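**Student:** Sharing a structure with you now.
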Amino acid sequence: MEKIGYVNKIFSSVNSIDLGRKGFATDGNEHEGRISYEVGISIALTSFQEAQTSADCGILILSEETFLRQELHFCHADDTITRNSLTQAIRSFGDAQRSLKIVEVKTFYQAAEATYATTKNRIQGCPRDIFHQACAGHRTRLSNSLRTPGINMIEKAVIQQRMANMKTAVGCYLEKQKKALAITS
């Protein structure tokens, strides 16, 4: 699927989830809310599963960043804790996208890699740069969400899939780093 297809499916899923949650909170709209919520969760899970099968770092990060931007869009203005967390995650993924562009250009990445210590903050000989940090930070954020009481198992499945996607993105990115740095496994 093209990147635009993933983005459209993510937009649709978050919109349906938000409409569903609002329906839950409106007397007489609970049933329609439940249907919208379940449709949104289903679309989200399928979208994130498809993104993972792409094994494309850019698609994995774009899917997650799009989901976060939509969540931020629907987040209540008074929910500063959640808004700050989402904003930080979005910024981190913006930085990760920049790293992804640089790792594609071997000479640029080799120069950037020289700024990292050779003994610390390394994964399989490659720098634990902002891409790794963004994915690890987000996996922690998602893991903390799994501990929230009241989240149903369907939503937890989406969160677990998103965590798996971060792991896949790191693996994909690590391969790009190794290629750029001519590291053989």
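The values are calculated or read from the model by the stated rules, or taken from the named source; none is laboratory data. Note that this is a predicted model, so its numbers are computed, not measured. A quick note on method: Cβ atoms are made from the backbone with ideal geometry, for glycine too, and the neighbour counts reach across all protein chains shown. Ligands, DNA and RNA are excluded from the accessible area calculation, which covers all protein heavy atoms including side chains. Shrake-Rupley method; radii C 1.70, N 1.55, O 1.52, S 1.80 Å.
**Student:** Assuming residue 120 fulfils every condition listed in (1) of a type in the set (Lys, Arg); (2) under 24 Å from residue 44 (Cβ atoms); (3) more than 20 Å from the chain's Cα centre (by Cα) apart from one, which condition is it?
**Tutor:** Unmet for residue 120, out of (1) of a type in the set (Lys, Arg); (2) under 24 Å from residue 44 (Cβ atoms); (3) more than 20 Å from the chain's Cα centre (by Cα): (2).
**Student:** Turning to a different aspect of this structure: Quick check, is residue 117 at pLDDT below 90, of a type in the set (Gly, Ala, Ser) and open to solvent by 30 Å² or more (accessible area, probe 1.4 Å)?
**Tutor:** On the way: at pLDDT below 90: yes; of a type in the set (Gly, Ala, Ser): yes; open to solvent by 30 Å² or more (accessible area, probe 1.4 Å): yes.
Yes, satisfied.
**Student:** If you take the residues of the range 12-31 that are of a type in the set (A, V, I, L, M, F, W, C) and at pLDDT below 85, which of them is surrounded by the most Cβ atoms within 10 Å (Cβ to Cβ)? If you could, list the steps in order and put the result at the bottom.
**Tutor:** Initially, the range 12-31 is screened for residues of a type in the set (A, V, I, L, M, F, W, C), giving 14, 17, 19, 24-25.
Still in the list and also at pLDDT below 85: 24-25.
Working: 24: 15, 25: 10.
My answer is 24.
**Student:** Right, another one. Here is a list: 141, 147. Which entry is among the charged types (D, E, K, R) and under 22 Å from residue 46 (Cα atoms)?
**Tutor:** Working: 147 fails: under 22 Å from residue 46 (Cα atoms).
One residue alone meets the criteria, 141.
**Student:** Is there a residue in the range 167-184 that is under 22 Å from residue 40 (Cβ atoms), free of Cβ contacts under 8 Å to residues at least 12 places away in the same chain and part of a helix (DSSP H, G or I)? Give the steps one after another, and end with the answer.
**Tutor:** Narrowing the range 167-184 to residues under 22 Å from residue 40 (Cβ atoms): none.
Checked the range 167-184: no residue is under 22 Å from residue 40 (Cβ atoms), free of Cβ contacts under 8 Å to residues at least 12 places away in the same chain and part of a helix (DSSP H, G or I).
**Student:** Determine if the range 104-113 includes at least one residue that is without any contact (Cβ under 8 Å) to a residue 60 or more places away in the chain, touching a Pro at 6+ places or on another chain (Cβ under 9 Å) and either assigned to a helix (DSSP H, G or I) or of a type in the set (Val, Ile, Thr) (or both).
**Tutor:** Yes, because at least one residue in the range 104-113 is without any contact (Cβ under 8 Å) to a residue 60 or more places away in the chain, touching a Pro at 6+ places or on another chain (Cβ under 9 Å) and either assigned to a helix (DSSP H, G or I) or of a type in the set (Val, Ile, Thr) (or both).
**Student:** Go through the range 64-78 and give me each residue that's open to solvent by 60 Å² or more (accessible area, probe 1.4 Å) and in a loop (DSSP other than H, G, I, E, B).
**Tutor:** Across the range 64-78, the qualifying residues are 76, 77, 78.
**Student:** Just one of 90, 81, 59 is open to solvent by 60 Å² or more (accessible area, probe 1.4 Å) and either in contact with a Pro (Cβ under 8 Å, 6 or more places away or on another chain) or part of a helix (DSSP H, G or I) (or both); which is it? It would help to see each step written out before you state the result.
**Tutor:** Numbers: 90 fails: open to solvent by 60 Å² or more (accessible area, probe 1.4 Å); 59 fails: open to solvent by 60 Å² or more (accessible area, probe 1.4 Å).
Criteria check complete, one pass: 81.
Quick grid of which residues meet (1) within 18 Å of residue 142 (Cβ to Cβ); (2) in contact (Cβ under 8 Å) with a residue 40 or more places away in the chain; (3) not hydrophobic (A, V, I, L, M, F, W, C):
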| residue | (1), (2), (3) |
| --- | --- |
| 12 | no, no, yes |
| 21 | no, no, yes |
| 32 | no, no, yes |
| 68 | yes, no, no |
| 83 | yes, no, yes |
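**Student:** In addition: Hey, can you tell me all the residues within the range 144-185 that are hydroxyl-bearing (Ser, Thr, Tyr) and open to solvent by less than 30 Å² (accessible area, probe 1.4 Å)? Give the derivation first.
**Tutor:** The first filter runs over the range 144-185 and keeps only residues hydroxyl-bearing (Ser, Thr, Tyr), leaving 145, 148, 168, 173, 184-185.
Within the range 144-185, 173 is the sole residue that qualifies.
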